[in-house]
1. Taking only pairs six or more apart or across chains, which ones have beta-carbon atoms under 7 Å, a first residue in segment 204-227 that is in a loop (DSSP other than H, G, I, E, B), and a second residue that is at pLDDT below 90?
2. Would you mention how many residues in segment 242-297 are closer than 15 Å to THR310 by Cβ, of a type in the set (Phe, Trp, Tyr) and touching a strand residue (DSSP E or B) at 6+ places or on another chain (Cβ under 7 Å)?
3. Among the numbered criteria (1) over 25 Å from LYS220 (Cα atoms); (2) in contact (Cβ under 8 Å) with a residue 12 or more places away in the chain; (3) more than 36 Å from the chain's Cα centre (by Cα), which one does GLY354 miss?
4. Does ILE77 qualify as being part of a helix (DSSP H, G or I) and of a type outside the set (Gly, Ala, Ser)?
5. Taking the stated definitions as given, is GLN75 modelled with pLDDT under 90, on the phi > 0 side of the Ramachandran plot and in the same structural domain as THR185 (by TED's automatic domain parsing)?
6. Determine which single condition ILE172 fails, assuming it passes every other condition in (1) touching a residue at least 40 places away in the same chain (Cβ under 8 Å); (2) over 30 Å from GLU289 (Cα atoms); (3) surrounded by 14 or more Cβ atoms within 10 Å (Cβ to Cβ).
7. Being crowded, with 24+ Cβ neighbours inside 10 Å, in contact with a helix residue (DSSP H, G or I) (Cβ under 7 Å, 6 or more places away or on another chain) and in a strand (DSSP E or B) narrows it down to one residue among ILE316, ILE286; which is it?
8. List the pairs whose first member sits in segment 104-117 and is closer than 22 Å to MET29 by Cβ and outside the structural domain of ILE162 (by TED's automatic domain parsing), whose second member is of a type in the set (Phe, Trp, Tyr) and assigned to a helix (DSSP H, G or I), and whose Cβ atoms are under 7 Å apart, counting only residues at least 6 apart or on separate chains?
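The values are calculated or read from the model by the stated rules, or taken from the named source; none is laboratory data. It should be emphasised that the depicted structure is a prediction, and the values quoted were computed from it without experimental measurement. Every residue, glycine as well, gets a Cβ built from its backbone with ideal geometry; the counts of neighbours run over all protein chains shown.
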Amino acid sequence: MDKINTQLEYERIRILYSGAPRIIAGTGMLVVFLTIFIKDYLPAVYVWSWMSASLLLLAPGIIVARLFKKRLDNQQIKRAKIGAWERRWIYTVIPISLSMVVPVFFPLANEQFIVVVLFLTVLGASNLMTSGASIKTVAVANGIIFIPLISRLFLGQEPYFILLGFFYIASIVVFGSYALSLNHTMVENIRYKINSNNLSLKDPLTRLHNRRGMTLFVDKLIPRSRRSGKPFGLMIMDIDFFKKYNDTFGHSAGDSTLKKVAKCLIKETRDDDMVVRYGGEEFMIITPETSVGQIQEIAERLRQRVRADTDVTISIGLAIYSDAMAFATLIEKADEALYAAKDGGRNMFVLAAGA
């Protein structure tokens, strides 16, 4: 899955979970109201057993929704694995949907049965509106509700029950089409938002992140690093003798080389790393959860890749973040290491003192 689609899935499922409190609260209210309505027409054991079971079956959804929010707030959800959270939500929807359709088969008079049908119709509409970000969730929840409901209508003795069954079949086709359209519109809006946001955070020449993108990334990374106790690394690198290269071969060749170097950096870094065009011929790479040994390995791969795939070399300064350090201080340390690499002969990396 490419980066845009990963971001899209992340936003889509985040929207799905943002509607979770409403669907849980709404379902709970429907259970209570339906209980109040049917308690005078059925044995108490039917009513209270069904109500207790239904309210209890809301608990998994509450737990999963709270866990998702907590991990999202703590930035513990990896974007590439966000799809697992959609499946978890569907697993919580199945048992409560099965419970909600049980009253369809209670021994109720026609008048009371029609009211139950109306309650379930409201629930189905609520599923459509609050879970529109996930077609799978809408299909599973409403399929569990409406297939038994329609079957029960066709089993009814009254002609208008059969007519109502056909009405619901037609409604499912219409609202299914609406659900697909709603989901498509939502996905396209998310895609537009992501593309617009990416344009404002990317360098137009190299398509790497710019300083604004770096700032947003670091603002989230530092608190996460402090909570987890896992340090992150910083690399600042410079193309050796780039001014001379530009003067010799021209700015067009220089721009082409910048793009080639950017591709090399992307190839040799991890998905969670951030590669930044820091300015001119200078680049920065931020590497979350990285030890001293790991950042040195990455730096050596970068140096070799650029030397092999382009006609320039790079010098790199490395530094490791420590708790309570300002990011500006980390940049200064990496910058000092970069100058040491240049003074040492270029085409090499140097680790900052005390890293």
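1. If the second residue must be at pLDDT below 90, the pairs left are LEU208/LYS202; ASN210/LEU201; ASN210/LYS202; ASN210/ASP203.
2. Residues meeting the conditions: 1.
3. Of the numbered conditions (1) over 25 Å from LYS220 (Cα atoms); (2) in contact (Cβ under 8 Å) with a residue 12 or more places away in the chain; (3) more than 36 Å from the chain's Cα centre (by Cα), the odd one out for GLY354 is (1).
4. Working: part of a helix (DSSP H, G or I): no; of a type outside the set (Gly, Ala, Ser): yes.
Criteria not met by ILE77.
5. Answer is yes for this residue.
6. Answer for ILE172: the failing condition is (1).
7. Details: ILE286 fails: crowded, with 24+ Cβ neighbours inside 10 Å.
Result of the check over ILE316, ILE286: ILE316.
8. As it stands, the answer is none, since no pair meets every condition given.
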